[in-house]
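The values are calculated or read from the model by the stated rules, or taken from the named source; none is laboratory data. None of the values given here were measured: they were computed from a predicted structure. Please note: Cβ atoms are built from the backbone with ideal geometry, for glycine as well, and neighbour counts cover all protein chains shown. Please note that ligands, DNA and RNA were not included when accessible areas were found on the heavy atoms of the full protein model with its side chains. Shrake-Rupley method; radii C 1.70, N 1.55, O 1.52, S 1.80 Å.
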There are 2 protein chains.
Amino acid sequence: MSEVTEKRRLTSNFAELSRSECEKLLAEHSVGRVGLSAPTGPQILPVTYAYYGQTVVFRTSPYGVLSSLERHTRVAFEIDDIDEERKSGWSVLVLGSAERVTQQYTLSTLWKEGPVPWASGTRNLFIAITPDSITGRSVRAPFAD
Amino acid sequence: MSEVTEKRRLTSNFAELSRSECEKLLAEHSVGRVGLSAPTGPQILPVTYAYYGQTVVFRTSPYGVLSSLERHTRVAFEIDDIDEERKSGWSVLVLGSAERVTQQYTLSTLWKEGPVPWASGTRNLFIAITPDSITGRSVRAPFAD
């Protein structure tokens with residue numbers, strides 16, 4: 001489905017976020033979800049991330065599910081903040097390609113300023129998602145309390 | 001990666017949730033995220049859902065991305081509540097198969113008691129995800145404020 005078709009179907013309850021609003025939200029937050037197609041089917045895994053140089057960067061273990069992303073792989077990355085009670089909130093979806101960060105200069109910076117994983121253990125694999133598209137929307141239910 | 005391997009890697013910051021804890025969280029909440037492999041790559045889409053008869057049910061439009069799930073399709077479904085400031089929270093991941101709900105009795109009940117989509121417009125397609133696995137974990141960062 002093209003982005004245009006998707007936009008057309010936004011109803012009065014949904015408002016589209018601009019690219020700069022989406023990027024602002026990506027920069028302000030630090031927890032998101034990576035969606036990937038594993039051999040056994042789709043997966044969604046929460047990660048801590050940093051929005052660095054217009055890429056979404058996270059650290060992972062070389063032994064886990066996410067390590068499969070070190071080779072150029074299509075992924076989805078989503079952040080949101082939705083209030084179930086108030087039926088309102090927003091979500092941002094990044095579609096793009098994940099790949100291992102190998103450039104030495106970038107790695108040095110990321111070790112110092114990049115995402116800090118909450119899990120302990122070896123998490124020395126930096127994965128960067130380069131966006132093909134960044135879209136977002138805010139939602140407000142018609143029957144909000 | 002097998003579930004067992006994944007469990008082994010839980011660190012002191014992560015605790016596994018039991019199946020019944022996961023099901024309780026699924027029943028208590030109403031917003032989650034569906035992960036699917038679209039022809040263009042992985043997607044993550046927020047939905048309002050109900051946990052009904054040990055399936056995750058949501059309503060969608062017959063014209064949107066999620067309508068592709070009406071035929072038996074492998075999906076991921078995730079809910080979480082993670083506090084970025086306190087670096088703590090939990091997540092539950094359902095892996096399973098999505099399929100259109102066609103049974104008349106079930107549909108009648110779902111129209112009355114099922115998930116209420118926030119979007120207006122035609123959302124008369126009920127999709128049920130039958131879990132193959134339900135796993136969850138809580139997280140508490142070692143350096144929580």
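Summary of values
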read-out: Estimated distance in nm for a label pair at residue A:85 and residue B:71, the labels positioned 7 Å out from Cα along Cα-to-Cβ; value: 4.4 nm
read-out: Accessible surface of residue A:132 - all protein chains present, 1.4 Å probe, nearest 10 Å²; value: 100 Å²
read-out: Relative contact order of chain A, pairs being alpha-carbon contacts under 8 Å that are 6 or more residues apart, as %; value: 31 percent
read-out: Structure-based [θ]222 nm, chain A - -39500 (n - 2.57) summed over DSSP H runs of at least 4, per residue, nearest 500; value: -5000 deg cm²/dmol
read-out: FRET efficiency, residue A:19 to residue B:21 (Cβ-Cβ, R0 45 Å, nearest 0.05); value: 0.70
read-out: Copy-to-copy label separations for residue B:102, where each label sits 7 Å from Cα toward Cβ, in nm and ascending; value: 4.9
read-out: Of A:94, A:57, A:65, the one that fluctuates the most in a GNM where chain A has Cα springs shorter than 10 Å; value: A:65
read-out: Base-10 log of normalised Debye intensity for chain B (one unit scatterer per alpha-carbon) at q = 0.11, 0.19, 0.20 Å⁻¹; value: -0.45, -1.14, -1.23
read-out: Inter-chain Cβ neighbour average for residues A:76-82, partner chain, 10 Å; value: 5
read-out: In degrees, nearest ten, helix A:19-28 long axis to first principal axis of chain A (Cα); value: 60 degrees
read-out: Protein accessible surface hidden between B and A, which excludes ligands and nucleic acids, total in Å², probe 1.4 Å; value: 3600 Å²
read-out: Rounded to whole Å, sorted largest first: equivalent-ellipsoid semi-axes of the protein assembly as shown, Cα gyration tensor; value: 30, 22, 18
read-out: Of B:48, B:60, B:109, the one that fluctuates the most in a GNM where chain B has Cα springs shorter than 10 Å; value: B:109
read-out: Residue-normalised accessible area of the protein assembly as shown, expressed per residue, 1.4 Å probe, Å²; value: 50 Å²
read-out: Centroid-to-centroid separation of segment A:23-58 and segment A:72-145 [C-alpha atoms, Å]; value: 3 Å
read-out: Choice from B:104, B:54, B:43 showing the highest fluctuation, given a GNM over chain B with Cα pairs closer than 10 Å; value: B:104
read-out: Solvent-accessible ranking of A:49, B:52, B:105, largest area first, probe 1.4 Å; value: B:105, B:52, A:49
read-out: Accessible-area value, residue B:20, 1.4 Å probe, nucleic acids and ligands omitted, Å²; value: 80 Å²
